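Visitor: Before I ask anything, here is the structure I am working with.
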């Protein structure tokens, strides 16, 4: 067994840890047995029931936005093509 408090080895059947003096009960002491690991394998039915995550749909920008971009582009380009003061 192993002492839960200090981690030292304790002889089976003892009720007190010889190193730290903590009283040992069957609920406090644990043995160094490896835990049994069972891999998780979902069944085909469970995997099929899970819905696919929905991706947000791409919406094109509204038509008014294109008109605003066009007007700004024209306002920036026209003074270089057609100078007003000369």
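Visitor: Quickly work out the residue 36-to-residue 54 label distance, labels modelled 7 Å from Cα along the C-beta direction, and quote it in nm with one decimal.
Guide: 4.4 nm
Visitor: Within 10 Å, count the other beta carbons around each residue, average over each peptide in 69-76, 2-9, and list them highest first.
Guide: Details: 69-76: 9.9, 2-9: 14.2.
Order by mean packing, descending: 2-9, 69-76.
Visitor: Now for a different question. Would you mind computing, in nm to one decimal, how far apart the modelled labels at residue 64 and residue 12 are, each placed 7 Å from Cα along Cα→Cβ?
Guide: About 8.2 nm, to one decimal.
Bear in mind that the values in this text are calculations on the coordinates, not laboratory data. Note that the structure is a prediction, hence the values are computed from the model and not measured. Methodologically, a virtual Cβ is constructed for each residue, glycine included, from the backbone with ideal geometry; neighbour enumeration extends over all protein chains shown.
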